[in-house]
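Below: the structure, in structure tokens.
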Amino acid sequence: MSAPDRSAVLARLKAEPGLSGLRRSLDFYYGDAGREASMDAFYGRFVRPGDLVFDVGSHVGDHIACFRRLGARVVALEPQPACMRVLEALYGDEEDVTLVHAACGAEPGTLEMHINSDNPTVSTASPHFIAAATGADGWDGQRWDGRIEVPSTTMDLLIERYGAPAFAKIDVEGFEDQVLAGLSRPLPVLSFEFTTIERDLAARCLHRGTELGFDGFTLSLGDERQFLVPDWVSADELGERLRALPHEANSGDVYCRRG
């Protein structure tokens, strides 16, 4: 889809009453050329033309756009109907993008999603994530006011169907450990989101990463496209750095590589 066509589709999506909770995300994640260039430069170290990439927790699809600019084929998972409406409008006609309307977890079946209507970015399948956010500084006013049942798959099943990705991005709001529990092999590189309200979950993910055979780890904070830890370090060392982060750091991504 050309830039003018995408702009027109975005304008229509922002005008849809049922997508009002996503307008802020659509404004933030699309139309910033500098941010797009930064994403391309950052992910370009992991993703090459022709690679397969998994985008697990795609939200409104800005990472799909990045991976496509890098020439990758993308399998994108998103359980929220409103977000899937956006993804279908923006990427549904792209031959090299496969949209999967499902969550990802430890086993296939169904999951209960807790929907945050005002801020769908933090909708989650994890009641522990909601408990950790309740009363935490910086999380004031967040309400998970809806529940829906969604289909669930696993990373292993996705690999069985589509092939092993060169890179996988996992961003599922406190459910990352369950996604990794459904993976039984290491990939060249993957990332998972962490938050400072659930450091124990990040520690479990790091432990699972070592079980899977990953041996190098680093991290970035927030929406920054640079490594806070410039070198790849052990899981133990990265765990110490995560524990030392101030609460105000809020969130970021851990990157795991093999070899």
- request: Please state the charge dipole magnitude for the chain, taken about the Cα centre, from unit charges on C-beta atoms (+1 on K and R, -1 on D and E), reported in debye and rounded to the nearest 20.
  value: 380 debye
- prompt: Stretched out fully, how many nm does the piece from Glu88 to Asp32 gain, at 0.36 nm a residue minus the Cα gap?
  reply: 18.0 nm
query: If we restrict to alpha carbons, what Rg and Dmax does the chain come to, in Å?
result: 17.3, 48
query: Counting DSSP beta bridges in the stretch 124-259, what percent are antiparallel, to the nearest 5?
result: 80 percent
- request: Quick one: go through the stretch 34-71 and flag any residue whose amide nitrogen is under 20 Å from the point 7 Å out along the Cα-to-Cβ line of Leu212.
  value: 43-48, 51-59, 63-64, 67
statement: Pseudo-spin-label distance Val229 to Ser7, built 7 Å along Cα→Cβ, given in nm, is 4.2 nm
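Counting other C-beta atoms within 10 Å, and keeping those with at most 14, which DSSP coil trypsin sites (Lys or Arg not before Pro) do you find in the stretch 124-161?
For trypsin sites (Lys or Arg not before Pro) across the stretch 124-161 that sit outside H, G, I, E and B with at most 14 neighbouring Cβ atoms in 10 Å, the list reads Arg143.
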- line: If every Lys and Arg gets +1 and every Asp and Glu gets -1 at its Cβ, then about the Cα centre the stretch 72-115 yields a dipole, in debye to the nearest 20, of 120 debye
- prompt: What FRET efficiency, computed as 1/(1 + (r/R0)^6) with R0 = 22 Å and r the Cβ-Cβ distance, is obtained for Ile148 and Arg23, rounded to the nearest 0.05?
  reply: 0.60
query: Label-point separation (nm) for Ala41 and Glu95, each offset 7 Å from Cα along Cα-to-Cβ?
result: 3.2 nm
- line: Taking the dipole of the chain about the Cα centre (Lys, Arg +1; Asp, Glu -1; charges at Cβ), the one of Gly146, Ala131, Ser25 that reaches farthest to the positive side is Ser25
Cβ-defined net charge surrounding Asp27, 13 Å radius [Lys, Arg +1; Asp, Glu -1]: +2
message: Could you check the spin-label model distance between Ala15 and Ser184? Points 7 Å from the Cα along Cα→Cβ, value in nm.
response: 5.0 nm
- request: Go ahead and collect, in residue order, the members of the stretch 223-259 whose backbone nitrogen is under 16 Å from a label point 7 Å along the Cα-Cβ direction of Asn119.
  value: 223, 247-252
field: Exposed-loop-free span, longest in the chain, where GluC sites (Glu not before Pro) count as exposed if DSSP calls them loop and at most 12 other C-beta atoms lie within 10 Å
entry: 96-223
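Read-outs throughout are calculated quantities, based only on the coordinates presented, and are distinct from any laboratory measurement. Since the model is a prediction, treat every value here as computed from it, not as a measurement. Positions of Cβ are generated from backbone atoms using ideal geometry, with glycine treated the same way; all protein chains shown enter the neighbour counts.
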